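These notes concern the structure reproduced below.
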Amino acid sequence: PKLRWLGNAVLELLEPLHPALSELWGTLALNWGTACSIRPVAFRSLQLYRALMPRIGPTHVGMLLGRLANTISDEDLAIQHFNVEIVSTLTALASSSDVDPTHLPQLFWTAMAFLSTTVEGEFLHTLRLLDAVLHRIDLNDPVTTERLFAHMPPNWSGSINLQSNLLIGLRSSVTSSLTLKLLQRLTRIDDP
């Protein structure tokens, strides 16, 4: 909240001079968040990106996934915290009213893949990402499910059974309530 307040205060002062400042600043923050090797700078940059939430560019999701792909389920606690920041940023993108609907299948398969993480914090935030994505798509619509399967990664080796992937979340008191909420949502879907 403090970072959002500060960012909005700066934009309020400078945006009349440079109308595209929010988008440029947000994109630069995302670049720093995904490319900077100094982890505290990368953390703050991702938080600033979420605070500013500029219009989502075509490469934003790819940049986040590229950074996260090599570190998910890492044993290093600092990297786990950074992964949570990235998944939180993906969740913010999925929740944004500005998200391009063509990104939703990619975010869905990202969440499906991250459900296999062995890190409790990452799993919890992946559940939040999945919740945000499922809020935006209708799995009862056959066209939507066809589109999801059309965007399934070509070398997918994980389970495509969303229910069985979610059941792991019932083993922890930290993740069980959100897991139950998602399982309840799945009970309303007719498509197997």
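Conditions tested, residue by residue: (1) of a type in the set (S, T, N, Q); (2) part of a helix (DSSP H, G or I).
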| site | (1), (2) |
| --- | --- |
| LEU13 | no, yes |
| LEU17 | no, no |
| THR27 | yes, yes |
| GLY33 | no, yes |
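I need a count of the residues in region 109-147 that are open to solvent by 10 Å² or more (accessible area, probe 1.4 Å) and either over 20 Å from LEU180 (Cβ atoms) or in a loop (DSSP other than H, G, I, E, B) (or both).
Number of matching residues: 19.
Of everything in region 18-34, what is more than 9 Å from PRO54 (Cβ to Cβ), touching a residue at least 24 places away in the same chain (Cβ under 8 Å) and surrounded by fewer than 21 Cβ atoms within 10 Å (Cβ to Cβ)? Give them in sequence order.
Across region 18-34, the qualifying residue is only ASN31.
Check THR89 against each of (1) open to solvent by 30 Å² or more (accessible area, probe 1.4 Å); (2) part of a helix (DSSP H, G or I); (3) under 22 Å from LEU28 (Cβ atoms) and name the one condition it does not meet.
(1)
Do the conditions hold for LEU130, that is, is it at pLDDT 90 or above and touching a helix residue (DSSP H, G or I) at 6+ places or on another chain (Cβ under 7 Å)?
So LEU130 passes the test.
Scanning region 148-192 for residues that are small (Gly, Ala, Ser) and surrounded by 10 or more Cβ atoms within 10 Å (Cβ to Cβ), which turns out farthest from ALA69 (Cα to Cα)?
My answer is SER177.
Assuming GLY62 fulfils every condition listed in (1) within 23 Å of VAL119 (Cα to Cα); (2) surrounded by fewer than 20 Cβ atoms within 10 Å (Cβ to Cβ); (3) in contact with an Asp or Glu (Cβ under 6 Å, 6 or more places away or on another chain) apart from one, which condition is it?
Evaluating GLY62 over (1) within 23 Å of VAL119 (Cα to Cα); (2) surrounded by fewer than 20 Cβ atoms within 10 Å (Cβ to Cβ); (3) in contact with an Asp or Glu (Cβ under 6 Å, 6 or more places away or on another chain) leaves (3) as the failure.
The values are calculated or read from the model by the stated rules, or taken from the named source; none is laboratory data. Remember, it's a predicted structure, so these values are computed and weren't measured experimentally. No Cβ is skipped: glycine too gets one built from the backbone with ideal geometry, and neighbour counts run over all protein chains shown. Keep in mind that these areas ignore ligands, DNA and RNA; they rest on the heavy atoms of the full protein, side chains included. Shrake-Rupley method; radii C 1.70, N 1.55, O 1.52, S 1.80 Å.
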